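Data block below; observations after.
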């Protein structure tokens, strides 16, 4: 007899853990509300020890004395441990360019809790997709990475953080997309200046700017510069 899927529920508010646990239970799964969050470097051990199949988590886990990391960091650790995890947050727009963008490559499914119409159905679909990507390695088209060249528009300070704004002709030539400068390796940062080119792995089939991720940054070499028009014209 197949055992019931056990879904760990992370939320720094007890009422939040109860609410999401009820929804997990309604899906025919076993909720495992986490009252004491493990240290980030102990997440993989926690998942194994407690026989966790999947995870749902709030994003701002640090607002109460619960965890010293974000839900996005937690979901990334789950992904690397090949456990599907879904991020549930009402801060998708506010945190899109910063704490979400940094880890977006490893977030298979992010649900904006303020925009949910059929919560149970949406969570079910999200858990299925997260499991496919993290455990089975089946990546949907909208999350497939492509080596992409972009133009740096400017570097600016938002709050206390330096942000890079770029334009990607292959995605939307009129849009500026932001991400933290500290995503780029230290040895490359002195080259991050307006009108210069930058290369990264980007999911060009993302439908929304919030869903774009950036990974494996490169500075273009001479050959890449000569071929830059081909990058811009790629469908």
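At-a-glance table
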read-out: Potential lengthening between residue 219 and residue 27 on full extension [0.36 nm per residue; Cα-Cα distance subtracted]; value: 64.4 nm
read-out: In nm, spacing of pseudo-spin labels at residue 154 and residue 118 (7 Å Cα→C-beta vector); value: 4.4
read-out: Residues 214, 32 arranged by fewest to most Cβ contacts within 10 Å; value: 32, 214
read-out: Ranked packing of 39-48, 186-195, most packed first, by mean Cβ within 10 Å; value: 39-48, 186-195
read-out: The range 1-44 shape via C-alpha gyration tensor axes, a/c threshold 1.5; value: oblate
read-out: Residue of 183, 116, 163 that the Gaussian network model of the chain assigns the largest fluctuation, springs spanning Cα pairs under 10 Å; value: 116
read-out: Theoretical FRET efficiency, 1/(1+(r/R0)^6), r = Cβ-Cβ of residue 90 and residue 15, R0 25 Å, to 0.05; value: 0.95
read-out: Mean shadow area of the range 94-138, taken as a quarter of the surface of its Cα convex hull (nm²); value: 3.5
read-out: The chain: calculated mean residue ellipticity at 222 nm from DSSP helix runs of at least 4, using -39500 (n - 2.57); value: -7000 deg cm²/dmol
read-out: Shape category assigned to the chain from the gyration tensor of Cα positions, a/c cut at 1.5; value: prolate
read-out: Computed over the chain: relative contact order in percent, which uses C-alpha pairs under 8 Å that are six or more apart; value: 15
read-out: Residues in the range 179-209 that a label on residue 167 would reach, taking backbone N under 14 Å of a point 7 Å out along Cα→Cβ; value: 194-198
read-out: Two-site FRET efficiency, residue 51 against residue 132, from Cβ-Cβ distance with R₀ of 25 Å, rounded to 0.05; value: 0.80
read-out: Where N is the number of residues in the range 48-106, Cα Rg divided by 2.2 N^0.38 Å; value: 1.11
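Any read-out appearing in this document is the output of simple, stated calculations on the displayed coordinates, not a laboratory observation. Note that the structure is a prediction, hence the values are computed from the model and not measured. When we count neighbours, we look across all protein chains shown, and the Cβ atoms used for this are built from the backbone with ideal geometry, even at glycine.
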